[in-house]
Structure formats: structure tokens, C-alpha cells
Amino acid sequence: MACIRSTRSVDKAAELKKAGVEPVVVDVFDADALRNHLYEIRPNVVIHQLTDLPYALEAGQMTAALTRMPAFGRLAHAILLQPSGIPVPDD
């Protein structure tokens, strides 16, 4: 079973490849791109460990960065569950 990890950075993709991980460069907030990658990969498991906290982020910007993550969770559930007919929770 392959270990695949997404990143927004081409530079990080090269680092992941050196570490034995199959990288996928994608912006997870681009629903169409994320959907296409997930359908192509057809993962058995998806682990959501996303953050939007870049290094040296000022404390005053953390709240705004953290509020984007629940939107990703709903998007990922919709992409993965709707084609199977499983209802998507509306939180």
C-alpha cells in the first residue's frame, strides 16, 4: 500500500519523494482539483491532518487561519461520500 500525501508546494513534494512518500501537489480548497485527485487515487483511507498555519504566523492571524479547516472537512466528506449515496452530515 502506497503512502500518498498532499502538499501545496512543489518544493515540499520533492522532499516527500526523497522520504519515500508519493506526493500530490494540490490546493485542498480547490474542490474540482481535490475531487479529481481523490477519484484518481481512490484511497482506502483519508487522514485529515491539514493546518493552515505557516511558520512565523502572528498570533492575531491564527483565528482566521483556523476557521478555514472546518470548511475543508465538509468539502472532503462531500467529495468522498456523495458518490456512494451516503448522506453528508450538515454541521
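Sort out which residues of the range 6-33 are closer than 20 Å to Val45 by Cβ and among the hydroxyl-bearing types (Ser, Thr, Tyr), and write them in order of number. Spell out the reasoning first.
Step one: filter the range 6-33 for residues closer than 20 Å to Val45 by Cβ, giving 6-7, 16, 19-24, 26, 28.
If the condition is that a residue be closer than 20 Å to Val45 by Cβ and among the hydroxyl-bearing types (Ser, Thr, Tyr), then Ser6, Thr7 are the ones that fit.
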For this session: Mind listing whichever residues of the range 15-26 are touching a strand residue (DSSP E or B) at 6+ places or on another chain (Cβ under 9 Å) and of a type outside the set (A, V, I, L, M, F, W, C)?
Result: Glu15, Lys17, Glu22, Pro23
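Here, each number is a calculation from the coordinates, and none is a lab measurement. What you see is a predicted model; the values in this text were computed from it and never measured. Glycine gets a Cβ as well: all are built from the backbone with ideal geometry, and neighbour counts include every protein chain shown.
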